[in-house]
Amino acid sequence: MSKLRQVLKLWFQGHNKLQVTKLTGVARNTVKKYLSVVEALSTTWDELNRLSDKDLDDLFCKEPETVPDNRLHLLLAFYKEHDKRLRQRGMTLLLLWELYRREHPAGFGHTAFYRHYHLWKRRVQPSMHIEHTAGDKMYVDFTGEKLPVLDEATGELKQAEVFVAILGASQLTYMEAVLSQRVEDFIGCCEHALQYFGGSPNAIVPDNLKSAVVKSSRYEPTLNENFEAFADHYGMTALPARAYKPKDKSLVEGAVKIMYNRIFVALSESPAMPLEALNKQVLSLLELHNTTPFKGRSYSRREQFDELEKMALQPLPAKPYELRRSLHATVMKNGHVCLSVDKHYYSVPYGYISKKVRILFSAS
């Protein structure tokens, strides 16, 4: 505000725009903007100098509220309808403006289109730290809260862990209750999420739980062997979030909060039930969530997924991933090792006789 007052004072003292720019260090275009307001007001320096800083700010620096033109209403409606297109690969704001001009030949030019878009974006989505591309990432996490589940065999009431997965671009969400966070349950949940989405993204972003990450590191975390093999089976890269950096997976953190409001609250009114029945109820509530339109938008997560992300996902492999187990054994003199799980003998090249070998095997 002190700079603004200097500009105004020098102007009223008879200096030209170039001199005002040099003396104050204020950009030439900014000086022009201030002086165009002065010319429109037809006022004096004494009247302006009596104004408070807030009044001066409102007068000279505030963005114009509205344009008395029906074009602005059409433009805002266009943003609301087509904003999601920017998440497609190769789509830019310039291409979006070209689409707008084809639909509205007498509409705004590209400079005004950009300015109004950024103003609209700040109002509609005030915080957006990561630009998500269709088919790029799936974020996964377990909720802090648990759900009660009934053990049919014993009648005991247990607490089930709750898994949540979300696709970055469309924000299509998956949720499932499971008995533990062990590697077999965690990978099973991730697999069910991919089957629910109907394809796999390029990368999966988990938290630093032991079922996914054996040793966390900012640069090269050590992944759980089964989780790494699972990601490779589905053509995904595992990109664990950094420890104590929740913004690395802010999308799934937000999804967890929404699940609390839309699914946990609804389930709290129902009596405890077996795990299978609980997941059926979760799935029906999840579909309702995914088909509900976004706040302030005319489309839902499911519609956005069908339009933007469904075709960008990789097709699922013909066979599901099989969990691998690992054992160590010493190769006997006859060139065989005994696998204690199935009590069978398996041949090993003779060069490994008397050496320790590692056996990797799955259920099949």
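See the values below:
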quantity: For region 298-307, Karplus couplings with θ = phi - 60° (6.51, -1.76, 1.60), whole Hz, Gly/Pro x; calculated: 9, 10, 9, 4, 5, 5, 5, 5, 4, 7
quantity: Pairwise label distance in nanometres, ASN29 with ASP58, each label 7 Å out on the Cα-Cβ vector; calculated: 2.8
quantity: HN-Hα J in Hz across region 157-168 - Karplus 6.51, -1.76, 1.60, θ = phi - 60°, x for Gly and Pro; calculated: 8, 10, 10, 8, 6, 10, 9, 10, 10, 9, 7, x
quantity: Overall dimensions of the chain by Cα: Rg and Dmax, Å; calculated: 30.3, 106
quantity: Where labels lie 7 Å past Cα in the beta-carbon direction, separation of LEU72 and GLU145 in nm; calculated: 4.1
quantity: Simple Cβ-charge dipole of the chain, Lys/Arg +1 and Asp/Glu -1, about Cα centre, in debye nearest 20; calculated: 1460
quantity: From phi via Karplus (6.51, -1.76, 1.60), per-residue ³J(HN,Hα) for region 281-288 in Hz, x at Gly/Pro; calculated: 5, 4, 5, 5, 5, 5, 4, 4
quantity: Simple spin-label estimate for ILE353 and LEU288 in nanometres, 7 Å along Cα-Cβ; calculated: 7.0
quantity: Stretch gain in nm, segment ASN49-GLN195, where the contour uses 0.36 nm per residue and the Cα spacing is subtracted; calculated: 45.8 nm
quantity: Order by protection proxy (mean Cβ within 10 Å, highest first), peptides 165-177, 280-292, 251-263; calculated: 165-177, 251-263, 280-292
quantity: Reachable lysines from LYS80, criterion Cα separation under 20 angstrom, eight or more residues apart if same chain; calculated: LYS121, LYS295
quantity: Cross-link reach list, lysines versus LYS9, counting only Cα pairs under 30 Å and skipping chain neighbours closer than eight places; calculated: LYS17, LYS22, LYS32, LYS33, LYS54, LYS62
quantity: Value of relative contact order over region 287-350, rounded to a whole percent, pairs C-alpha under 8 Å and six or more apart; calculated: 15
quantity: Region 137-312: relative contact order as a whole-number percent, Cα under 8 Å and 6+ apart; calculated: 25
quantity: The chain - mean residue ellipticity at 222 nm from DSSP helices (-39,500 (n - 2.57) per run, n ≥ 4, rounded to 500); calculated: -11500 deg cm²/dmol
quantity: Most to least packed among 182-192, 342-352 [average Cβ atoms within 10 Å]; calculated: 182-192, 342-352
quantity: Region 10-118: GluC sites (Glu not before Pro) in DSSP coil with no more than 16 other Cβ atoms inside 10 Å; calculated: GLU65
quantity: Contour excess over end-to-end distance, with Cα ends at CYS338 and ALA363 and 0.36 nm allotted per residue; calculated: 7.4 nm
quantity: Computed FRET value (nearest 0.05) for VAL37 with ARG242, which takes r as the C-beta separation and R₀ as 51 Å; calculated: 0.60
quantity: Rel. contact order, % - alpha carbon contacts under 8 angstrom, at least six apart, the chain; calculated: 13
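Read-outs: derived from the displayed coordinates by stated rules, not from any lab. These figures come from a predicted structure and were not determined experimentally. Neighbour counts are summed over all protein chains in view; Cβ atoms, including those assigned to glycine, are modelled from backbone coordinates with ideal geometry.
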